[in-house]
Amino acid sequence: MPGRDNTRYPWSPVSPRSQALLSSKRRESRLISPKPYRILDTPELKNDFYVSLIDWSSQNMLCIGLGASLYLWNGYNGKTTKLCELSEGSISSVSWAQEGTHLAMGTESGLVQIWDIERGNRVRSMPGHGGRVGTMSWCHHTLATGSKDRSILLRDPRSQRPYHQVLMGHTQEVCGLKWSTDESLLASGGNDNSVRVWETSESSALHVFEQHVGAVKALDWSPHQSNLLVSGGGTYDKKLRFWDVATGILVTEIEAGSQVCQLKWSKLTNEIISTHGYSEYEIVIWDYPTRSRLAALTGHTSRVLYLAMSPDGKSFVTGAGEGDETLRFWRLFAPPKKASNSLSQLSLIR
């Protein structure tokens with residue numbers, strides 16, 4: 001049969017494309033455990049959509065802001081330590097630098113503190129915002145901070161100046177920030193229902209996406225496809241939207257069914273974790289680009305406002321506030337058979 005490679009299927013009427021499909025390796029399905037492998041009691045974990053109180057470092061250290069106190073949980077040995085306590089006010093956001101040795105802490109008063117974790121001391125206290133700092137994101141030595149005062153400040157903690165650039169555009173509180181994987185762009189989400197994409201060499205946004213009809217706190221960039229951004233809308237929106245920032249177009253969307261609180265793209269697979277508030281209180285794992293639900297995890301009894309991924313990408317932690325006040329640890333990938341799957345329930349404050 002001219003024009004066909006029939007080495008594997010001699011004299012087959014099957015087209016080359018269909019032959020390739022038949023020869024391709026099937027995608028192996030995996031079981032995602034519906035139960036957490038650890039539960040950590042976290043008294044005073046806020047039930048506030050506009051704050052970001054947990055983050056997991058590259059050094060396997062989870063930080064948790066509870067009221068005025070900041071705690072560290074060691075992922076290797078499960079031990080918790082109290083790093084500090086504010087003299088007044090409360091913590092509104094936390095974010096680890098990529099190296100995992102320095103931690104930024106935003107406060108309700110608008111101050112940003114930088115802590116050296118190895119030495120256990122505060123190295124900077126930086127003013128600039130006129131309202132709470134509810135979201136932060138690092139890009140090497142640059143820290144982006146977003147506030148209720150509607151501004152985004154870019155800071156270099158090594159500099160004597162508290163900030164070196166101001167990005168203005170949101171008309172209400174900035175509640176989500178995320179640097180792109182190639183670190184060239186900054187995405188921001190606001191209580192004004194918009195998503196903005198910034199080239200920090202410019203003072204105005206490269207793109208402004210206004211299709212959401214609810215506050216946008218949840219943002220993440222694909223580690224698998226350059227220029228692909230996902231955002232999630234709040235109570236009146238309930239959608240995940242995927243943006244091609246190279247062209248500025250909406251690629252596709254998913255109807256999630258409830259308030260989208262947080263999003264995290266898996267670095268090991270082309271899957272997205274979303275956490276939800278009103279009114280499902282669930283965690284959903286989505287496949288991209290098929291947009292199919294792979295799993296829906298339940299157990300939290302209030303809005304699942306917090307989400308962080310382990311440094312190896314194999315597990316993640318979620319948190320819920322008032323009425324629940326727990327962190328729950330889930331496995332994206334099953335552990336080796338010799339590992340124990342027994343549930344560990346601990347209290348952060350003993």
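Structural remarks
- In region 235-251, the condition of being open to solvent by less than 10 Å² (accessible area, probe 1.4 Å), in contact (Cβ under 8 Å) with a residue 12 or more places away in the chain and hydroxyl-bearing (S, T, Y) is met by no residue.
- Of all residues in region 173-209, those satisfying the criterion of being free of Cβ contacts under 8 Å to residues at least 40 places away in the same chain and under 21 Å from the mean Cα position of the chain (by Cα) are S184, D192, S194, R196, E199, V208.
- Residue match in region 86-96 (condition: under 21 Å from the mean Cα position of the chain (by Cα) and either open to solvent by 30 Å² or more (accessible area, probe 1.4 Å) or over 29 Å from S201 (Cβ atoms) (or both)): yes
- Filter pass, T269 being modelled with pLDDT under 95, β-branched (V, I, T) and more than 21 Å from G319 (Cα to Cα): no
- Test result for T275, in contact (Cβ under 8 Å) with a residue 12 or more places away in the chain, closer than 27 Å to D192 by Cβ, open to solvent by 20 Å² or more (accessible area, probe 1.4 Å) and assigned to a strand (DSSP E or B): no
- Within region 136-170, if we keep just the residues that are touching an Asp or Glu at 6+ places or on another chain (Cβ under 9 Å) and of a type in the set (S, T, N, Q), the residue that is most open to solvent (accessible area, probe 1.4 Å) turns out to be T142.
- Among (1) in a strand (DSSP E or B); (2) hydroxyl-bearing (S, T, Y); (3) crowded, with 19+ Cβ neighbours inside 10 Å - the single one S125 does not satisfy: (3)
- Those residues of region 218-234 which are under 19 Å from V51 (Cα atoms) and either outside any strand (DSSP E or B) or free of Cβ contacts under 8 Å to residues at least 12 places away in the same chain (or both), in sequence order: G234
- Residues being touching a Cys at 6+ places or on another chain (Cβ under 9 Å), farther than 19 Å from G146 by Cβ and assigned to a strand (DSSP E or B) - total across region 107-120: 1
- Each residue in region 51-79 was checked for being open to solvent by less than 20 Å² (accessible area, probe 1.4 Å), more than 11 Å from Y306 (Cβ to Cβ) and part of a strand (DSSP E or B), and 6 pass.
The values are calculated or read from the model by the stated rules, or taken from the named source; none is laboratory data. Remember, predicted model here, so these are calculated numbers, not experimental data. We place every Cβ from the backbone using ideal geometry, glycine too, and count neighbours over all the protein chains shown. Just the protein is used for accessible areas: all its heavy atoms, side chains included, with ligands, DNA and RNA removed. Shrake-Rupley method; radii C 1.70, N 1.55, O 1.52, S 1.80 Å.
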